[in-house]
Each structure stands twice: as structure tokens, then as C-alpha cells.
Amino acid sequence: MKKFLLSLLTIVFAFSAQAVEKQVTSPDGKLVVTLSDENGVPTYAVAYEQVSFIETSPIGLVTNIGDFSKQMSMGAEVQIKEVNENYQLATIKKSNVNHHATEAIVPFFQNNKHIFDLILRVTNNDVAFKYKLYPQGPTRSIIVKEEKTSFSLPEGTTTFLAPQVKPMGGFARTYPSYETPYAADEPTGRNGWGEGYTFPCLFRNADKGWMLISETGVNGAYVGSRLMGHEGSLYTIGFPQEGEMNGLGSTTPGLPLPGETPWRTITLGTTLAPIVETTIAFDVVEPRYEASKEYIFGAGSWSWIIGMDNSTKFDEQIRYIDFSAAMGYETVLIDALWDVQIGRDKIAELARYAASKGVALFLWYNSNGYWNDAPQSPRGIMDRAIERRREMKWMQSIGIRGIKVDFFAGDKQQTMQLYEDILADANDYGLLVVFHGCTLPRGWERMYPNYASSEAVLASENMSFGQGSCDSEAFNATMHPFIRNVVGSMDFGGSTLNKYYNARNMPRGSKRVTSDVFALAAAVLFQSPVQHFALAPNNLTDAPEWAIDFMKKVPTTWDDIRYIDGYPGKYVVFARKKGDKWYIAGVNAQAEPVKLKLQLPMFQPKEVLDCYSDDAQLQGSLKEVKLNKKQQIEVTIPTNGGLLLVGK
């Protein structure tokens, strides 16, 4: 507390000194944000333990009523307060969160007119900031033509990024959909495939530490953004592309005045632990509405990932309902074409049958009516309020648990409004929502209580589509826990135990190259409160008993998370906690086995754990192991293999 008060006094003194340069410091004093208005250009810089992570970088906005990125000055009246908030949220990586930060509201002026406040939250490992714009004379609305927010990174920084794609490409002109591969250890100075990068974006500050840049708090009042790369190590905020949503809608956001932009977030530290464990995406947002009911999350199955469109038949869904019941799962997801291959009357019959087995249904929908060519039905419902609410009322009447809505069109403001409208209407009818072919969730778990998960990743379906995705499964699994899954729930739909991606599990099509233990570890590594695993009824008899037994009881909601070891694209090991039980999960993507000495302070010295591990041939087994008196254990994870350690 003394250290915090000293930091606070330092900040107040700096602000009262009318200096060009002003600082906001984290509660522990290690993270410092430096603000300046030198030469009329608003800038900021971020340092951690006196090491630069963000060098002096411009901020500000260009609007239809003025350029608010130059000829600006900081005001002397800066509001500073300590934020110490506790909240509970079952659907993220930690169920109980303490958000402790320094908040600063820094006014900026142009020609003596108050233009905007820069609102800052600085925790011990996070920086979050947004703009609050004020009316200018009679003007009560504004178009943000360009956001000058930028990130100038130190020399020697390397990148771990997923490129954005051009719009209206890919399957049935459904791009962009946040489904591009990550590249590891790339240099700065590039711009992806010419269209920038999708959030979140991971950087390594040479040998000095790590940094994740993203955004949160995006709703129907703004656009979703991307990160644009430039020469050197400069990155800037990019708005949506003109061609998104079939060219309809504006690429620039409109705001009422006063109005606020979403938060830009930066998480950093000397190790990857602050990246993995951060909750900043949820800390700075607020619920948009109250839950209409107590929502039930949990595991489920779905036939489509193994059987594709031909599996969406009545008898096959009966088989999967029985399978979910045998596994103790909550739900079955009935995917595309159910309206024509099963029909609404038979869906109601399936819902009744499922309820008799203690199982509920999710139903798939096509989001669009006019912005791409995805033919799968039902379509032309979720994009129209009257039809959407009528459909949701029907679903409520037959006991449907939730919906999976697919094939969105980008990040324009009207698209973001569609996401919010679907969520709000679904809450009125007590439905959970999963999005696919979609944008990144940006704080939505806390903003929308019936939001369950989003794809926004190169997910499991791609392994059905081609062997290349199977061959890179381990690489991707060592990237997502450090990047995509850090900021929001990820509906990957994996943990396959079939050897082959077909309904008969026969040697044809795509072949899985990872181990069964890998599949189990992925169920822990990938976080989503609703998990529709890529398991199949045949796994009850053709998969190892120990694997099926674990998948019957693996949690989908968690109470805590700890980073243990890893490097993006190579290997990952971290821990999740459910109740009083810890699960240690790891996978390896390197060409050679990785040998590790793990320090596990969450267990007692000499504690005995269940250990799921692979031999050199990726043959898995379950045995007991004992920690040493220093709470350590030595393990080896083979290429494409996994590891699980579970407390008794």
C-alpha cells in the first residue's frame, strides 16, 4: 500500500507540474505509461521495469469534424483513482477476478476546446485505454475516419501473428472469418498478406519479454479493428475493408457525442505468464444486459465434424443424443441443413427425446441473407429481427438450449450490431449463442451473459477438409493458448479420438497424427464454457478406456489458470483449476521430444498424481507418479504427443 501511495503521489505531482511529459504508473510501480503532447502531437510510451516495450507512439483521432491527432494539448486537470474491483464470471479462465489498477482520465484540447479524454487503466501487467469524445458546438454526432493509435515496437522485436484476408474470398465469398494460420518468430516490417493482422497479436521483445496487443469492449456502437504493419516496427489500428459485407455498410464508425471508442489493450511481462493469465479483456468492460435465466454450460457432441452434412439426419442425431447421454454430456449440436434433412417437427421430436435422456440441443443457423453465398440452411432468419425472434420463440417452446450462428461478413459497425442484436434477442428467449465463421469476441463473456463462445480460429473442421491441417495440429495447439484463446472463449471443436476423419473411422481421408493423450490435453488447454468435442459414438468401444473416462469428466468451466512453461509454436504446459483439483496439460510440436522439469507449487511435496503420457510411438497410458519434495517432476513429451497430470 505504501508503494502504491508513493506511486500515486508521484503521478499527481507530475500532472500538477504542467509538464509536456506525464506518467501513469501501475500499482506495483513496475509498469509506466508516459504521455506527451510535444509539438501538438499526442503520444504515449510503455516501459516495464525500465525496459521499453512501446516506444513513443502517436495517438488521436481523425474525424469528419476535425483532425484531433495534431495541434493538441494535454490538460492539467487529470483525474486519478485506484480501481480495486472484484467480480465473478464462470465463463472465462478465472471464475473470481480481482482487477487492481490505476485509472487516469487525461483531457486533451484543441484551440482551448475540450475534444476528448484518454481514459487509461494500468495494472501491474496491462495497459488499457480508450477515447471519450465530447460535443463540439452544436455537433452531437461524429464519424471517426481514422484512428491514429499506433504501436512503435523496439528494434529486434519478433512477431507471432495471423494475417487478415481480403474480403469476399474463400468458401462462398465468406471471408474474412479470422481463420488464417499463425506464423511464429517472424520479423517486424511486414503487413501480412497485405491486409494487416487479426487481433490478438503477440510480440517478443527480443530477450526482454513478451507483449500481446488486442482490443475489447466492441459492440454495435463501433467497428472491429485490425493491426496494420508498416516499415520498421510500427503498427497502427486499421478499420474494416471496403469490400466486407458485400461492400455494404461503412468502414468507419459513427458515434453519438459524447461517445466512447473500444479499449485498446496491451499485456506485457518478462515471461509469458502475464499473457496467459491476464483478464484485462473482461476487467474493463461492463454487462450490457442482465441474464434472463441461469444459463447452463458444459460439454457436448456433434456429428458434423466426423460425418459432415450427410450426418444431419434424424437417426444419426438419435445416436449422438444417446452418445452424449452415455458420456454424461449436456448437449448435442445439430449442424447445417437440419431444416431440410430433418425438419422442424422432427427437431421437436428430437428435443423431446433428448430431454428424456437429460440432454439438450443446439441448432445451427446461417447468419446471412445477402452478404455472401453460403448456401447451407436455415438462412435468411438470423439477420432479420422479426424472423429471428419468431424462430427463437419456437426454439424456446421446444426446449432448445442454444444456437450456433455461422458465416458472418467482417467487422463493420452494422455487422457488430448484428452480433449484439442476435445475442440480445437470444437472451430474451433464454438461448445460449455460439458464433462461427465470425469475428473475435471482445470482452463478450462479461458483456453478454448468454454468450458462450466463438470460433474465430483455424478450427477442427479444417482437419476434416485436408491432411495439411492434421499435420499442423500440434503447431497450432501450441499457438492458440498464447494468442487467440487468451482474450476470449474459443470454440475449436476438437479432442478427436477417431484415427480418421470419417464416420466409420476407416483408413481414408484425413488421418490424425497426434496422440490420444494430445486430444485429452487439448480439452484442458483450449478454454470454452461450451465444448462440442469431436468425439464419435464408436469411441465408446474403439478408444482407450482411460481416454473415454477422462473425456467424460473433463470440465468446461474453470476457476483458475497458471502458466508453467512453453514457447509459441514449439510446446506449451499450463495448469487449470476446477474446484480444488488442478489439471496440468501440455503438448509438443517440435521435431524432437521435449524434456522438462516442471515446478508445480499448486501440489503438495511428494503428492501422487494421475499421469496420462505417451511413449515414443505415441502410445498413451495412465499411471500414477509422485512429485519430489521440491514439488517437481521430470517429464518427456514426444512430437505430436501430450501430457496430463491430474490431482487426486
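Restricting the first member to segment 379-398 and to residues that are among the hydroxyl-bearing types (Ser, Thr, Tyr), and the second to residues that are assigned to a helix (DSSP H, G or I), the beta-carbon pairs closer than 9 Å and six or more apart or on different chains are SER397/ALA348. The residues on offer are PHE574, PHE603, and the sole one that is surrounded by fewer than 22 Cβ atoms within 10 Å (Cβ to Cβ), in contact with a Phe, Trp or Tyr (Cβ under 8 Å, 6 or more places away or on another chain), modelled with pLDDT of 95 or more and not aliphatic (A, V, I, L, M) is PHE603.
Taken over segment 87-122, residues that are closer than 19 Å to THR216 by Cβ, under 23 Å from the mean Cα position of the chain (by Cα) and part of a strand (DSSP E or B) amount to 10.
Annotation for segment 361-374: no member residue is surrounded by 21 or more Cβ atoms within 10 Å (Cβ to Cβ) and in a helix (DSSP H, G or I).
Before we move on, is GLY298 in contact (Cβ under 8 Å) with a residue 12 or more places away in the chain and more than 30 Å from ARG319 (Cα to Cα)? Here the answer is no, as GLY298 does not meet what is asked. Within segment 238-250, the set of residues being surrounded by 24 or more Cβ atoms within 10 Å (Cβ to Cβ) and either within 21 Å of the chain's Cα centre (by Cα) or over 22 Å from PRO167 (Cα atoms) (or both) comprises PRO240 only. One residue stands out in segment 228-250 among those that are aliphatic (A, V, I, L, M) and either part of a loop (DSSP other than H, G, I, E, B) or out of contact with any Leu (no Cβ under 8 Å at 6 or more places or on another chain) (or both): the one that is farthest from ILE213 (Cα to Cα), namely LEU248.
Taken as a whole, segment 100-111 holds at least one residue that is touching a strand residue (DSSP E or B) at 6+ places or on another chain (Cβ under 6 Å), without any contact (Cβ under 8 Å) to a residue 60 or more places away in the chain, assigned by TED's automatic domain parsing to the domain that holds LEU61 and among the aliphatic types (A, V, I, L, M). Looking across segment 481-497, the residues that are farther than 12 Å from GLU461 by Cα and among the β-branched types (Val, Ile, Thr) come down to ILE483, VAL486, VAL487.
Considered as a group, the residues in segment 341-360 that are touching a helix residue (DSSP H, G or I) at 6+ places or on another chain (Cβ under 7 Å) and part of a helix (DSSP H, G or I) include one that is surrounded by the most Cβ atoms within 10 Å (Cβ to Cβ), and that residue is ALA354.
Taken together, the residues in segment 338-366 that are touching a Ser or Thr at 6+ places or on another chain (Cβ under 9 Å), under 18 Å from ARG319 (Cβ atoms) and among the hydroxyl-bearing types (Ser, Thr, Tyr) amount to 0. Tell me which residues, restricted to segment 513-549, are farther than 24 Å from TRP364 by Cβ and surrounded by fewer than 23 Cβ atoms within 10 Å (Cβ to Cβ). If the condition is that a residue be farther than 24 Å from TRP364 by Cβ and surrounded by fewer than 23 Cβ atoms within 10 Å (Cβ to Cβ), then VAL513, LEU540, THR541, ASP542, ALA543, PRO544, GLU545, TRP546, ALA547, ILE548, ASP549 are the ones that fit.
Contact map, segment 621-638: residues that are at positive phi paired with residues that are surrounded by fewer than 14 Cβ atoms within 10 Å (Cβ to Cβ), Cβ distance under 8 Å, separation 6+ or inter-chain. Pairs shown: GLN631/GLN599; GLN631/PRO601; GLN631/GLN604; GLN631/PRO605. Would you confirm whether or not segment 607-630 contains a residue that is closer than 30 Å to GLY209 by Cα, modelled with pLDDT of 95 or more and outside any loop (DSSP other than H, G, I, E, B)? Checking segment 607-630: not a single residue is closer than 30 Å to GLY209 by Cα, modelled with pLDDT of 95 or more and outside any loop (DSSP other than H, G, I, E, B). Please tell me if GLY343 is without any contact (Cβ under 8 Å) to a residue 60 or more places away in the chain, farther than 30 Å from GLN414 by Cβ and of a type outside the set (A, V, I, L, M). Here the answer is yes, as GLY343 does meet what is asked.
In segment 441-454, the residues that are closer than 16 Å to ILE483 by Cβ form Cβ pairs under 9 Å with partners that are surrounded by 24 or more Cβ atoms within 10 Å (Cβ to Cβ) and among the charged types (D, E, K, R), at six or more places apart or across chains, as follows: ARG442/GLU215; SER454/ASP491.
Within segment 251-340, which strands (runs of 3 or more DSSP E) (wholly inside it) include 3 or more residues that are on the phi < 0 side of the Ramachandran plot and surrounded by 19 or more Cβ atoms within 10 Å (Cβ to Cβ)? Don't jump to the end; show me each part of the working.
Values: elements: 254-256, 263-269, 298-302, 331-334.
Filter on segment 251-340 gives 263-269, 298-302, 331-334.
The values are calculated or read from the model by the stated rules, or taken from the named source; none is laboratory data. None of these values were measured; they are calculated from a predicted model. Quick reminder, even Gly has a Cβ in these numbers, built from the backbone with ideal geometry, and neighbours come from all protein chains shown.
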